[in-house]
Amino acid sequence: MRDASSLFPDQPTYFLTLVVRNKLPIFRIDRAARLMLSVLQPLESRKVCFVIGYVVMPDHVHLLVSLRDNRNPAGLTESLKSDFVTRLMKDEELLKHPLVCQLTMKGLPRIWAAPTDEVEIGNQSMLCRCLHFIHFSPVARGLANEPAEYEYSSARWYF
């Protein structure tokens, strides 16, 4: 279990939001949400960043990360978006889903809205507020009664 009070890292920390184009709720599709999680999971093992928290909401993803080696947050988000689309292209069942079809142009999925929100976190207090926001977003939207109940969130790391 992680303790947010001791998480303010030495590396630059960012609150990132990736929004689905037209705010279509593709992550209500369990298969799509799990696909997004599969994109997020290897971030730490690839030594790209330290994932402090995340939530995959129906039409967007929030991510709180500490970037290693002073990486560019725009590069990370573009990589995440690209990895998701690459994996989506290999999932024939998901490509046929009506919501995903609405995001297809000229045979290619155009999933993400631009630009991605990137907010640098300046101190421990701000980090804790962002982490709280991330974890309580599903509760606020009526997707769960408690943060740790929501399957597509890092809340279980803390609660």
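The values are calculated or read from the model by the stated rules, or taken from the named source; none is laboratory data. Everything numeric here is computed off the predicted structure, so don't read it as measured data. Cβ sites come from the backbone with ideal geometry, for glycine too, and all protein chains shown count toward neighbours.
Does at least one position in the range 60-78 carry a residue that is among the aliphatic types (A, V, I, L, M), closer than 16 Å to Ile29 by Cα, within 18 Å of the chain's Cα centre (by Cα) and assigned to a helix (DSSP H, G or I)? The answer is no; no qualifying residue exists. When you scan the range 10-22, how many residues do you find that are of a type in the set (A, V, I, L, M, F, W, C) and closer than 24 Å to Cys101 by Cβ? Total satisfying the criteria: 3.
Is it the case that Asp83 is within 12 Å of the chain's Cα centre (by Cα) and not aliphatic (A, V, I, L, M)? In short, no. Looking only at residues in the range 7-18 that are hydrophobic (A, V, I, L, M, F, W, C) and in a loop (DSSP other than H, G, I, E, B), the one that is modelled with the highest pLDDT is Leu7.
Kindly establish whether Leu99 is in contact (Cβ under 8 Å) with a residue 24 or more places away in the chain, closer than 18 Å to Cys130 by Cβ, hydrophobic (A, V, I, L, M, F, W, C) and out of contact with any Phe, Trp or Tyr (no Cβ under 8 Å at 6 or more places or on another chain). In short, no. Among the residues making up the range 23-37, those that are over 14 Å from Pro98 (Cα atoms) and either of a type outside the set (D, E, K, R) or crowded, with 16+ Cβ neighbours inside 10 Å (or both) are Ala33, Leu35, Met36, Leu37. In the range 19-37, of all residues being among the aliphatic types (A, V, I, L, M) and outside any helix (DSSP H, G or I), the one that is farthest from Ile111 (Cα to Cα) corresponds to Ile29. For the range 98-115, the candidate set comprises residues that are loosely packed, with under 15 Cβ neighbours inside 10 Å and outside any helix (DSSP H, G or I); within that set, the residue that is modelled with the highest pLDDT is Arg110.
Can you name the residue in the range 38-59 that is at pLDDT below 90 and assigned to a strand (DSSP E or B) and, of all such residues, is surrounded by the most Cβ atoms within 10 Å (Cβ to Cβ)?
Among them, the one singled out is Cys49.
Scanning the range 130-155 for residues being surrounded by fewer than 14 Cβ atoms within 10 Å (Cβ to Cβ) and either among the hydroxyl-bearing types (Ser, Thr, Tyr) or on the phi < 0 side of the Ramachandran plot (or both) gives a total of 4. Quick check, is Glu149 of a type in the set (Asp, Glu) and within 21 Å of Tyr14 (Cβ to Cβ)? So Glu149 does not fit the description; no.
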